[in-house]
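Before any comments, here is the structure.
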Amino acid sequence: MVEVFASARFRAMELITILNRCHRFRGFVYHHDRFTTDNKSIEISVRPRKGSAAICSRCHQPAPGYDQLPERRFEFIPLWGFFVFLLYAMRRVDCRRCGAVVVEEVPWADGKRTLTKAYMLFLARWARRLSWKETAQAFRTSWEKVFDAVEHVVTWGLEHRTLGQIDAIGVDEIQYAKGHKYLTLVYHIDIGVTRLLWVGKERTIESFQGFFTAMGQQVISNIAFICSDMWEPYLKLIREKCSEALHILDRFHIVAKMNKALDEVRADETRRMKHEGRAPVLRKSRWLLLRRSDHLRDEQHFRLRDLLRYNLKTVRAYLLKEAFQQLWDYNSPIWAGKFLDEWCRQTMRSRIEPMKKIAHSLRQHRELILNYFRAQKLISSGVVEGLNNKAKVTMGKSYGFRTYRVLELALYHSLGKLPEPESTHDFF
Ligand SMILES: [Zn+2]
């Protein structure tokens, strides 16, 4: 009998010893631990250390006690298949500084959230590697708690990040909710530290305005290069806010636009040929035409060569697109400009409407395109392209509910390179 009692005491002491080693806070002591009646969870009661004053959660200063609220459960990192909870009855203080009765602040928790900070950081780290749903499943918790964890970590990160000197930014948009809605993403482009700076709802002037407000005049006035696509609200605001910066039209977006136009020509012509009962020579040509010719395999080369013998609008549009690639080989803005003008002149005479539209748009934005060469090709929009692809993967992983808030958090979490809250211990 005595032995059983002793070993039970020994176990109890060990768990608290470990907690004191990894999750210890001044002013509080781990008092007692026990299994819940269903044997699924371990509960550890926490008490204020004798004589230590509670901290007011509003002014973060010690204040005299007022009363104590009912015990709350704070979820800690699970251990060996058991849920672990810290039990603590929050004190309220009568804070003279704040002139109010306020709930105390405890170092292991964040406001009303039910998870401990340590557990939130733990879950949030996993939520960067797995989808939120998978994270919830792996740790037998709910999607909402994973959301809470990421929200806590991202909020802390945004409050504590340093913006520093930002020389170059890239502005991009991304579609979500089955393509019906847009997000505006602003990246900080820098060697080695390209990161997501800002996420905005929609892609309007008003939403993009939010970026300039969030960054502040000091940061904005130092920006020397801005890379964006041809979306008019972006262009307008950039002209207004960063008149000193060199504004570069994004190479990646120009190529994407051109591919879209070519695809339109192809689809249209395929339909027409079918309607007229002609041989389906354009069948399965889509990727052949959209991929860069130097990325094609041998047999695709043969097929392409075969296709190019036909006198089709699609073929002519393809040749125009391929010819345009040469632009990026220029180093001098003057020669690049001459090439661009000549290409636009030819294309305007092509009688292929989607391509003419592109040429028209390129003419309108001639100076911004040439800025790419004026910036000596230093600003590679490929970085932004890469991040944008990552952003799309992130969106897929956070799914669950495709609300704006979820996406915003997920994007900051995986691409923002945000600092993480300090932890008493590295819980892996
Ligand atoms: Zn106070």
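I'd like the full set of residues that are of a type in the set (Lys, Arg) and over 40 Å from the mean Cα position of the chain (by Cα), limited to the range 20-46. Answer for the range 20-46, where residues must be of a type in the set (Lys, Arg) and over 40 Å from the mean Cα position of the chain (by Cα): just Arg34.
Within the range 107-117, is even one residue in contact with a Gly (Cβ under 9 Å, 6 or more places away or on another chain) and either among the small types (Gly, Ala, Ser) or crowded, with 21+ Cβ neighbours inside 10 Å (or both)? No, there is no match, as no residue in the range 107-117 is in contact with a Gly (Cβ under 9 Å, 6 or more places away or on another chain) and either among the small types (Gly, Ala, Ser) or crowded, with 21+ Cβ neighbours inside 10 Å (or both). Just to verify a result, which residue in the range 289-340, among those that are surrounded by 13 or more Cβ atoms within 10 Å (Cβ to Cβ) and of a type in the set (D, E, K, R), is nearest to the chain's Cα centre (by Cα)? Taking the candidates together, the pick is Arg291.
Being surrounded by 15 or more Cβ atoms within 10 Å (Cβ to Cβ), assigned to a strand (DSSP E or B), of a type in the set (D, E, K, R) and within 16 Å of the ligand (Cβ to nearest atom) is a description that does not apply to Arg72. Across the range 216-233, the number of residues qualifying as out of contact with any Phe, Trp or Tyr (no Cβ under 6 Å at 6 or more places or on another chain) and either at pLDDT 90 or above or of a type in the set (Gly, Ala, Ser) (or both) comes to 3.
Taking each residue of the range 91-112 that is more than 23 Å from Asp148 (Cα to Cα) and looking for partners that are within 13 Å of the ligand (Cβ to nearest atom) and hydroxyl-bearing (Ser, Thr, Tyr) with beta-carbon atoms closer than 7 Å, six or more apart or interchain, yields Arg92/Tyr66; Val93/Tyr66; Asp94/Tyr66; Val101/Tyr66; Val102/Ser57. Exactly one residue out of Leu249, Leu262, Leu237 is in contact with a His (Cβ under 7 Å, 6 or more places away or on another chain) and buried (at least 16 other Cβ atoms within 10 Å of the Cβ), and it is Leu249. For the range 47-74, residues that are under 38 Å from the mean Cα position of the chain (by Cα), basic (Lys, Arg) and more than 17 Å from Cys98 (Cα to Cα) total 2.
Every condition in (1) within 16 Å of the ligand (Cβ to nearest atom); (2) surrounded by 12 or more Cβ atoms within 10 Å (Cβ to Cβ) is met by Pro48 except one, and the failing one is (1). Against the numbered list (1) surrounded by 15 or more Cβ atoms within 10 Å (Cβ to Cβ); (2) more than 15 Å from the ligand (Cβ to nearest atom), Tyr66 comes up short only at (2). Among residues of the range 75-95 being out of contact with any Phe, Trp or Tyr (no Cβ under 6 Å at 6 or more places or on another chain) and either part of a loop (DSSP other than H, G, I, E, B) or charged (D, E, K, R) (or both), the one that is nearest to the ligand (Cβ to nearest atom) is Arg91. What about Ala359, is it at pLDDT 75 or above and within 23 Å of Phe225 (Cα to Cα)? So Ala359 fails the test.
The values are calculated or read from the model by the stated rules, or taken from the named source; none is laboratory data. Note that the coordinates shown come from a computational prediction; the quantities given were computed from them, not determined experimentally. We place every Cβ from the backbone using ideal geometry, glycine too, and count neighbours over all the protein chains shown.
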